[in-house]
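Below you'll find the structure, written out as structure tokens, and then a few comments.
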Amino acid sequence: MERTISLASPAIMDKIGIIQSRGLGDVVISLPIAKYYHDQGYEVLWPLCEEFLTSFRDSVPWVKWIPVPTDAKGEFFYNEPIRRLKNFGCTEFLPLYQSLTGHPEFSEANWFQIQKFDEYKYTRAGVPFLLKWSLNECITRNESREQSLYDRLVSNPKYYVTHVKGSTFTAPVDLSNVPESWGQHIEITELTDCVFDWLKIIEGAQGLIMVDSVYANIVDQLQIPVEKYWIPRSHIHLSPVLGSEWTILEPPVGSGAAQPIFGSR
């Protein structure tokens, strides 16, 4: 039987294993949770799907990242991370999934029905939710890589940035109303293997238009002071709490956000 983490003070460099092997947005949301335990004296071990390692290995060097291959049976979600953590001598585990097949205990938590998924993670971890917006304390930026991408893409000192393609949803966006003063259009694509390489470009933009995704989460958690437009894609339970100022656009047709859940007469 695995032991979940207690809130008692750790011995020097006790190990804690974070169970959140994907996706990019969930990992970014959870980084301040891991940093909280790191600051308490824990060695943080985190099994992560191999395809995501390049975004975090150097940007978050205080975590011991353990690569996990994606498999057809879905062992990479929970069982394989537990096995690999045990191989590293880890006996305390912090699962951050709010729902997972084969683990009804996650959705049976008494706060499951009343919190958004990001709040749920912090409640389960026993970490103050306001720390979600301390992402700047969790990451190490690579100025050289950021500048290289900036020099490659930015040809006008005035530009705006869009990101409309998430891992499972692409938002159709009408850009005809974008002010001419915003200048050049730069779209975030897979030009680099680290999501944080885009930060210099994002910070210098006249405006941002972003679907609910890892980049929107990064911008919000860093509270970047740029004019921002959020494209919702999920219903209320799977949408994050926003901590900075965004203009929320109309949910795209066919998205979970466009399906009514609540109503009044």
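For the ranges 201-207, 154-160, what's the packing order if you count other beta-carbon atoms within 10 Å of each residue, average per peptide, and put the highest first? Walk me through the intermediate numbers first.
On the way: 201-207: 18.7, 154-160: 14.3.
My ranking of the peptides, most packed first, is 201-207, 154-160.
Please get the size of the charge dipole for the chain, origin at its Cα centre, with Cβ charges of +1 on Lys and Arg and -1 on Asp and Glu, quoted in debye to the nearest 20.
Values: 23 positive and 32 negative charges, 84 e Å.
With only Lys, Arg, Asp and Glu charged at Cβ, the dipole is about 400 debye.
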- Task: Note down the net charge around PRO252, summing +1 for each Lys or Arg and -1 for each Asp or Glu among other residues with Cβ under 15 Å from its Cβ.
- Result: -1
- What is the mean projected area of the alpha carbon convex hull for the chain, to one decimal in square nanometres? 16.0
- Query: By the gyration tensor of its Cα atoms, with a ≥ b ≥ c the square roots of the eigenvalues, what is the shape of the range 7-137: rounded for a/c under 1.5, prolate for a/b over b/c, or oblate?
  - Reply: rounded
- Message: Per q in 0.22 Å⁻¹, report the Debye log10 I(q)/I(0) for the range 57-96, using one uniform scatterer on each alpha carbon and no solvent.
- Response: -0.82
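All other residues with a Cβ under 12 Å from the Cβ of GLN98 taken together, and with Lys, Arg as +1 and Asp, Glu as -1, what is their net charge?
Cβ neighbours under 12 Å give a net charge of -2.
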- Note on the structure: Calculated from DSSP helices alone, with each H run of at least 4 adding -39500 (n - 2.57) and the total divided by the residues of the chain, [θ]222 nm to the nearest 500 comes to -7000 deg cm²/dmol
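Most exposed first by the Cβ proxy, i.e. fewest other Cβ within 10 Å, how do VAL161, VAL226, VAL63 rank?
Least to most surrounded, the residues fall as VAL226, VAL63, VAL161.
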- Item | Where Cα atoms sit under 14 Å apart: lysine pairs in the chain separated by 8 or more or lying on different chains | 10
- Note on the structure: When LEU149, LEU45 are arranged by how many other beta-carbons sit within 10 Å of their Cβ, fewest first, they go LEU149, LEU45
- Item | For TRP62, net neighbour charge (Lys/Arg +1, Asp/Glu -1) across residues whose Cβ lies under 11 Å away | -1
- Does the range 222-265 classify as rounded, prolate or oblate by the C-alpha gyration tensor (a ≥ b ≥ c root eigenvalues; a/c under 1.5 gives rounded; else a/b over b/c gives prolate, otherwise oblate)? prolate
- Compare the peptides 128-134, 31-37 by average per-residue count of other Cβ atoms within 10 angstrom and give them in order, highest first. 31-37, 128-134
- Query: Which peptide among 90-97, 215-222 comes first, and what is the full order, when sorted by highest mean count of other Cβ atoms within 10 Å?
  - Reply: 215-222, 90-97
- Which shape class applies to the range 143-258: rounded if a/c is under 1.5, otherwise prolate when a/b exceeds b/c and oblate if not, where a ≥ b ≥ c are the square roots of the Cα gyration tensor eigenvalues? prolate
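Just so you know, all these numbers are worked out from the coordinates, no wet-lab data involved. Every value quoted in this text rests on a predicted model; they were computed, and no experiment measured them. Glycine gets a Cβ as well: all are built from the backbone with ideal geometry, and neighbour counts include every protein chain shown.
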